[in-house]
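The values are calculated or read from the model by the stated rules, or taken from the named source; none is laboratory data. Computed from a predicted model, the values in this text were never measured in an experiment. As a convention, Cβ positions derive from the backbone with ideal geometry for all residues, glycine included, and neighbour counts pool all protein chains shown. Surface accessibility is based on the protein's heavy atoms, side chains included, excluding ligands, DNA and RNA. Shrake-Rupley method; radii C 1.70, N 1.55, O 1.52, S 1.80 Å.
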Amino acid sequence: MKTYGRFPIAIEKGSGCRLWDTDGKEYLDFVAGIATCTLGHAHPALIEAVTKQIKKLHHVSNLYYIPEQGQLAEWLVNNSCGDKVFFCNSGAEANEAAIKLVRKYAHTYLDKVEDPIILTAKASFHGRTLATITATGQEKYQKGFGPLPAGFAYVPYNDITAIENAVTDLDEGTLSRVVGIMIEPLQGEGGVRPGDLEYFLKLRKICDENQILLVFDEVQVGVGRTGKLWGYENLGVEPDIFTSAKGLAGGIPIGAMICKDSCAAFEPGNHASTFGGNPFACASAMAVLQTLENEGILQNVQARGEQLRVRLRAIVNKYSSLFTEVRGWGLINGMELNADIELTSIDLVKAAMEEGLLLAPAGTKVLRFVPPLIVSPEEVDQAADILEKAIEQIANQ
Ligand SMILES: *Cc1c(COP(=O)(O)O)cnc(C)c1O
C-alpha cells in the first residue's frame, strides 16, 4: 500500500547507534526507529532476553495468567504514579484504551453525562486509529476519514485560559461535559514543544476541581527519553491515566495504559487485546527497564541531552537566518527552522542522510533528534559535526 513517503535507502543491519544500508553505507542513527530503540540496535541485554523467551514461550493469549506480564506490570506500578496496567501493542491502542477508560469512568461514576467530551491540544499527536486521529488536533491527519467519532474538542497547547473557557462553556445547561483532558507532557510529532510547568500545575488543579480525568500521552516521552523515567516528572504533576509504547520494549511492539486505582473502571469483558502483554513483548520490556535501571542510563540521557543542545544552539547562532531555536528535554530535542525561508525539515533530513546522519522531521519546520538512550559523548559530537557540515553546504549554495 502506498502509505508511506519513504527516504530512498534500505537498512540492512545495526549495532548500537550505527546502521548500515544495503549498499554498505554507514549511518549514525539519531532516529532510533522513531524514538523506540531505547538501547540502540543489537543490544546484548535485549538479544539475551528475546532469545531466552522465544525458546521458552512467546504467546498464549490473555485467557490465562502470564507471569512475565505480571512482572512487567509490577515494575511499572512500582516505578510510576499508577496502580493498574492494561497491555496492548502500540501507542494508538494504548490511547484508545485510555479514551475508552475515561468514557467508561464518566458513564459509571459521574451524574448525568450523556455526551462526555475529551479535550485535546492543537498540534498534538495521539495515533492513527479513528478515535486517535480525532484526538489528534491536526486536520491533516483527519482529512478524508470522516465521519469522525464524536466527543472531542481542541484547545491550544500551554494556554490555560483556553482550558478554563472550554471547561465552563461546555458545562452550561447541557448533559455534555468535559470528563477528560488528554495531552502530551511534551508535544513530539507536533514540533518537539515542551509543556509549561505552570500550565500543567493549573491543569491538574482544574481537573481536580471539576472531576476531570487527566490523561498524559507518554508514548514518545516515557521510558527515560526525557532524562526522567516518565515525562510527567519534568512537570511536577501526576496524571490519573498515562500511556506508554514506543521505547517501552526497545523496538519490540508493545503498548501500555496505566492508571490510578481511583479510575480503574474496566471490568472483565470491557476491553481486550489478543496479543497484548504476551510473554515475548513483556520479557523484552523487562530487559529494557532493568538495563535502564542498572546501567545509569537516565544520567546519560541528561548529560548527552545537555551536550547536544549546546552544540545545536551553537549551530543555530551561527546560521541564525536559517534557524530560530533549539528546545527539548533529555534526548528528545527539536531544532526549529525559520518560518520565512523555503528550507524544510525534510530538506535537512535528506542533506544529513547524505552525510551519514539519520534524523527525523517533526512537522515541516522542526528537525527531531531522538537517538538511542545509550548514545556516547563521541557520537553526539559526531552527529553535530555531520549536521553542521550538511548545513554549511546548504548555506553556501
Ligand atoms: C507515536 C505516537 C503515538 C502513536 O503510536 P503508534 O505506536 O504509532 O500507534 C501516539 N502518541 C504519541 C505521542 C506518539 O509519539
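Computed values, structure above
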quantity	calculated
In sequence order, calculated HN-Hα J values of region 220-229 (Karplus, 6.51, -1.76, 1.60; Hz; x Gly/Pro)	9, 8, x, 6, x, 4, 8, x, 10, 4
Unsatisfied cross-links (Cα-Cα over 28 Å) in the set Lys104/Lys205; Lys100/Lys246; Lys318/Lys365; Lys122/Lys318; Lys2/Lys25	Lys122/Lys318
Accessible area expressed per residue, the chain, with surrounding protein chains retained (probe 1.4 Å, Å²)	45 Å²
Loop-located GluC sites (Glu not before Pro) in region 305-397 whose Cβ has at most 13 other Cβ within 10 Å (DSSP)	Glu342
Within a Gaussian network of the chain (alpha carbon springs, distance under 10 Å), most fluctuating of Phe266, Phe323, Phe145	Phe145
P(r) of the chain over all Cα-Cα pairs, binned every 20 Å from zero, in whole percent	28, 57, 15, 0
Square roots of 5 times each gyration tensor eigenvalue, C-alpha, region 314-394, largest first, Å	19, 14, 12
Span from the region 73-101 Cα centroid across to the region 327-397 one, whole angstrom	32 Å
Percentage of interatomic Cα-Cα distances in region 42-137 larger than 16 Å	71 percent
Accessible carbon and sulfur surface of region 139-249 relative to its total accessible area, %, 1.4 Å	50 percent
GNM result for the chain, Cα springs below 10 Å: residue of Val310, Val167, Val370 fluctuating most strongly	Val310
